[in-house]
1. Taking every pair of distinct Cα atoms and averaging 1/r, then inverting, what Kirkwood hydrodynamic radius in Å comes out for the chain?
2. Within the stretch 14-64, list the chymotrypsin sites (Phe, Trp or Tyr not before Pro) lying in a DSSP loop whose Cβ has at most 14 other Cβ atoms in a 10 Å radius.
3. R0 = 30 Å: FRET efficiency of N46 with D108, Cβ-based, nearest 0.05?
4. For the chain, which longest stretch is free of loop sites, where a loop site is one of the trypsin sites (Lys or Arg not before Pro) that DSSP puts outside H, G, I, E and B and that has at most 16 other Cβ atoms within 10 Å?
5. Pairs of Cα atoms under 8 Å, at least six residues apart: use those to get the relative contact order of the chain, whole percent.
6. Given 0.36 nm per residue, what is the gain on full extension from V100 to E58 after removing their alpha carbon distance, in nm?
7. Using the Cα centre of the chain as the reference point, and only Cβ charges (+1 on K/R, -1 on D/E), how large is the resulting charge dipole? Debye, rounded to the nearest 20.
8. Between E93 and I24, what length in nm is gained on full extension when 0.36 nm per residue of separation is reduced by their alpha carbon distance?
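Every number in this text was worked out from the coordinates using simple rules, so none of it is lab data. These numbers come from a predicted model, not from an experiment. Methodologically, a virtual Cβ is constructed for each residue, glycine included, from the backbone with ideal geometry; neighbour enumeration extends over all protein chains shown.
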Amino acid sequence: MKPEDFEIGKVYFEGSFLHPEYPIPEIETWIYVGMNLFEEEAEEENVYFFINPQKYYEDDLRDAIGDDSFFEDIDGYYVVKESDLDAIMHIDELAAWLLVLKDAENADRAF
């Protein structure tokens, strides 16, 4: 994705392949929370911060889940350098990416 297309509070997906020979997708769901948020994270290029949806909506989910231990081990930020943003997708890009998996090499062995 292009950095200027990110919107704070919107859901994005990181897609990669689990297996080196088969097109088995591994998909993470993240919510964008901003760019260059912490000085100690300063690098030569911009960094983009995403957060796990369970953490982002923790206050909303706490009553529904009713178990505080659910929130204890949730990862915090997912930090992506600007040069690595090609793995981040919005919902339409994710849908298109998933559709072509069945035509990928070795898909017949995976699906």
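1. About 15.8 Å for the chain.
2. F38, Y57
3. For N46 and D108, the calculated efficiency is 0.15.
4. 11-101
5. With pairs under 8 Å counted, the relative contact order is 32 percent.
6. 11.7 nm
7. Dipole magnitude for the chain comes out near 480 debye.
8. Result for the pair: 23.2 nm of gain on full extension.
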